[in-house]
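Here is the structure we will look at.
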2 protein chains.
Amino acid sequence: MKYVFGVDIGGTTVKMGFLTSEGELLEKWEIPTDRSDNGANILSDVAASIDSKITEKGIDKADVIGVGAGVPGPVDSNGIIHSAANLGWGVFNASEEFSRLTGLKAMVGNDANVAALGEMWKGGGVGYKDIVMVTLGTGVGGGIIIDGKIVNGSAGAGGEIGHIHINDDEQAACGCGGHGCLEQYASATGLSRTAKELFADWKEATVLTADDLSAKAVFDGVKAGDKLCKEIAAKFGDTLGKGLAIIAAVVNPEAFVIGGGVSKAGSILLDYITPSFEKYSFHGTRNAKMVLATLGNDAGIYGAAKLLF
Amino acid sequence: MKYVFGVDIGGTTVKMGFLTSEGELLEKWEIPTDRSDNGANILSDVAASIDSKITEKGIDKADVIGVGAGVPGPVDSNGIIHSAANLGWGVFNASEEFSRLTGLKAMVGNDANVAALGEMWKGGGVGYKDIVMVTLGTGVGGGIIIDGKIVNGSAGAGGEIGHIHINDDEQAACGCGGHGCLEQYASATGLSRTAKELFADWKEATVLTADDLSAKAVFDGVKAGDKLCKEIAAKFGDTLGKGLAIIAAVVNPEAFVIGGGVSKAGSILLDYITPSFEKYSFHGTRNAKMVLATLGNDAGIYGAAKLLF
């Protein structure tokens, strides 16, 4: 039996997984992310935890194929990280450093791209090799897989689909400094912003209250048949579907895999995206399936492990 | 010495090239495209022409690595053509058929994608491996190369960047049936349309006349310092730069290679695209260079040959 480690490095915790080479997740655990000293200890902490696990399991290190890691920052095809602000990291070759510390083959990728790879391997994207994963959380993250491989981008910014410019008239700034980015409308935050705007002018009955205009409240309301919630969801779905149509004209994927907090709404979310996707997409790209992600927070562990193959 | 044939199949003529494996174009010629009988004779005509050339040159067929071809229609990663209306072709495996007819290894790709590969190999994109080629002609064509390989797309529609939705308010239909596609503004046709609109309302002096509102006339006017021409070029450049910024947020290329008829304007065209690209692009993707294509109509021959390697 051969084994592999998959590691998802976040700003607060590092999620770690021990898997077979077939992708069976045998065990997972977390260690805190030590951001002191510009994150200088993070990789060595992870390496020590891997060493302990190898000892604990009594396996031969020669049976470990390697370790993969997803990190919250741009990583190019050479494994060079172009800074990861949440960790305090600057520019360096993380794959080489991680390999030196673990004595194992090591591969590093951007966390959103790595999650996409995980969903393709063991999640909602199984059976496809050209997918775009869309993570609807605080922002809109993305990961693009073509022919089974991550599109890292020349500066590690492949799949930064949250920053597709979609509205010329936006006055508010996006977190990136731009104006009118997709994530200003199609993230959980963007959905709440739309909810707030429509709620303020709403004269009819609604289950929504000013205290809770979250994505969950909106989609719970949609399921209960609330008219305002349906309007908010429609506006959200229209913008997101348009964004996906634009992406499809660039890379023509087999499937979009929709994940992140907003996707907990379930298949009803897809019902709001699909009509807009069909309206704005080029006919030759309309074959793309819309599916939900299934791995949740474990996508990064699976995808990091898959980097080794 | 090893050789390769590169073939660019168009609706009127087939451009053919005989190259060394190093990519030196030794000879090029054309044969007419026989569109009778739903284009049933096209590939056999090409095969016969290749056979004649091998005989004429007195080379050993064993020294021919193979033949590559670009065709005007979607081609997926398996070499399946999903119809080519200009040739009368339906859905079939063109690589297999072409190999059978020539007795050589054969590879087929979409013509715009193949031209992108050619520009990467021997043209404006030399030195890069992640490029987006943008062809500004009657429409806006595109070809995306990631890590040296064409992004065909799951239905052969990878790089159909002319059909990125960019304007919600468009009333006129695009050739594809959509409304507000990039090519409605950023093609030669789109540029002339903008010229017509602005010319109609123009009260000041201008070198333009209602008889000639072509892309060439506009950029000649720009070079002569004409104010109206500069306004038209600015509007054109703003839309195209925005489109390229959107593409960059998806695949983060090293370079955009700009070709097609409009690119004959030269480097002044890039001066009108770049400010808009910088305005609308995500900062992490702003590293992309803007360069002009250099191979003109030969890009397809070079790229088709490169398919073999």
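The values are calculated or read from the model by the stated rules, or taken from the named source; none is laboratory data. Every value quoted in this text rests on a predicted model; they were computed, and no experiment measured them. When we count neighbours, we look across all protein chains shown, and the Cβ atoms used for this are built from the backbone with ideal geometry, even at glycine.
Computed quantities for the displayed model
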{"quantity": "Search result, residues across segment A:74-93 that are touching a Gly at 6+ places or on another chain (Cβ under 6 Å) and outside any strand (DSSP E or B)", "calculated": "A:74, A:76, A:86, A:87, A:88"}
{"quantity": "Flag for residue A:191 being modelled with pLDDT of 95 or more, more than 19 Å from residue A:242 (Cβ to Cβ) and not acidic (Asp, Glu)", "calculated": "no"}
{"quantity": "Criterion violated by residue A:225 - all others in (1) outside any helix (DSSP H, G or I); (2) within 23 Å of the chain's Cα centre (by Cα) satisfied", "calculated": "(2)"}
{"quantity": "Counted residues, segment A:253-293 - those being at negative phi, part of a loop (DSSP other than H, G, I, E, B) and surrounded by 17 or more Cβ atoms within 10 Å (Cβ to Cβ)", "calculated": "7"}
{"quantity": "Residue list for segment B:110-150, filter: of a type in the set (D, E, K, R) and within 25 Å of residue B:91 (Cα to Cα)", "calculated": "B:111, B:149"}
{"quantity": "Filter result for residue B:168 (acidic (Asp, Glu), assigned by TED's automatic domain parsing to the domain that holds residue B:246 and crowded, with 16+ Cβ neighbours inside 10 Å)", "calculated": "no"}
{"quantity": "First in segment A:36-64 and under 21 Å from residue A:94 (Cα atoms), second anywhere and among the acidic types (Asp, Glu), Cβ under 7 Å, 6 or more apart", "calculated": "A:41/A:34; A:42/A:34; A:43/A:97; A:45/A:34"}
{"quantity": "Residue that is surrounded by the most Cβ atoms within 10 Å (Cβ to Cβ) [pool: residues in segment A:34-61 that are part of a helix (DSSP H, G or I) and of a type in the set (A, V, I, L, M)]", "calculated": "A:42"}
{"quantity": "Failed criterion for residue A:128 (all others in (1) within 12 Å of chain B (Cβ to nearest Cβ); (2) under 27 Å from residue B:288 (Cα atoms) hold)", "calculated": "(2)"}
{"quantity": "Residue within segment B:209-221 that is surrounded by fewer than 19 Cβ atoms within 10 Å (Cβ to Cβ), within 14 Å of chain A (Cβ to nearest Cβ) and not basic (Lys, Arg) present", "calculated": "no"}
{"quantity": "Any hit, segment A:62-73, residues being more than 21 Å from the chain's Cα centre (by Cα) and part of a helix (DSSP H, G or I)", "calculated": "yes"}
{"quantity": "Breaking point among (1) surrounded by fewer than 23 Cβ atoms within 10 Å (Cβ to Cβ); (2) touching a helix residue (DSSP H, G or I) at 6+ places or on another chain (Cβ under 8 Å); (3) outside any loop (DSSP other than H, G, I, E, B); (4) away from chain B (no Cβ under 14 Å), for residue A:235", "calculated": "(4)"}
{"quantity": "Hey, residue A:284 touching a residue at least 40 places away in the same chain (Cβ under 8 Å), small (Gly, Ala, Ser) and either closer than 27 Å to residue B:163 by Cβ or not assigned by TED's automatic domain parsing to the domain that holds residue A:75 (or both) or not", "calculated": "no"}
{"quantity": "Only one of B:134, B:151 that is within 8 Å of another protein chain (Cβ to nearest Cβ), buried (at least 24 other Cβ atoms within 10 Å of the Cβ), in contact (Cβ under 8 Å) with a residue 60 or more places away in the chain and under 27 Å from residue A:256 (Cα atoms)", "calculated": "B:151"}
